[in-house]
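Below is one structure, written out as structure tokens; the observations come after it.
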Amino acid sequence: MKNMKYQVISILVISIVVSAAWALSRAEAENAAITQTNKLFVTSEQGQEINVQAMKKSLNLYQNLSEDKKAAIKEKMAQLKQERQKDIERVEKQIKEYRLQIIKKQNTTSQEARISQLQALKQLALKENAPETAKKIDNLISKYENNKASESLGNDSLQVQ
């Protein structure tokens, strides 16, 4: 019995020592990671100085290039500028097309709402036994439907250039 107590106590002591060692090694690893992270960040003054030095180095490298290489760099920069401008124009065109689609959708929705309101009025006029009023409302409905049809034909051919 005593022997078993000593075994249990020794197992507990060993597990406590292992846990403490594991906790210490983990804390050291976290401290090392924090220290490494802090080394990665620089103050704004240091960053500005690094940028100034890099620009001076780039300028010196550019000035030391031959005229052929300078011309090639200028040509490449002009080509990149043209590509960027084309991309901007393409995106602007897509935005305009999207806005036109939204406007067409809003117009279609508002016309459909008007037509449904007129149809409800027509039904009410028929219930109230007012056939002349119903006929006038029916004429208005057909005008709206004709306008809707003609606009949809015109809008299908309309594209942003």
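Kindly identify the range 60-126 as rounded, prolate or oblate by the Cα gyration tensor criterion: order the square roots of the eigenvalues as a ≥ b ≥ c, call it rounded if a/c is under 1.5, otherwise compare a/b with b/c, prolate if a/b is larger, else oblate. It is prolate, given that a/c is not under 1.5 and a/b is the larger ratio. Could you tell me which of rounded, prolate or oblate describes the range 11-141, using a ≥ b ≥ c as the square roots of the eigenvalues of the alpha-carbon gyration tensor, with rounded for a/c under 1.5 and, failing that, prolate when a/b is larger than b/c and oblate otherwise? Oblate. Within the range 52-140, the GluC sites (Glu not before Pro) that combine a DSSP coil assignment with at most 16 other C-beta atoms in a 10 angstrom radius are Glu128. At a probe radius of 1.4 angstrom, the accessible area of the range 9-133 per residue rounds to 90 square angstrom.
The values are calculated or read from the model by the stated rules, or taken from the named source; none is laboratory data. Nothing here was measured: the structure is a model prediction, and the numbers come from that model. Please note: Cβ atoms are built from the backbone with ideal geometry, for glycine as well, and neighbour counts cover all protein chains shown. We work out accessible area using only protein heavy atoms, side chains counted, and drop any ligands, DNA or RNA first. Shrake-Rupley method; radii C 1.70, N 1.55, O 1.52, S 1.80 Å.
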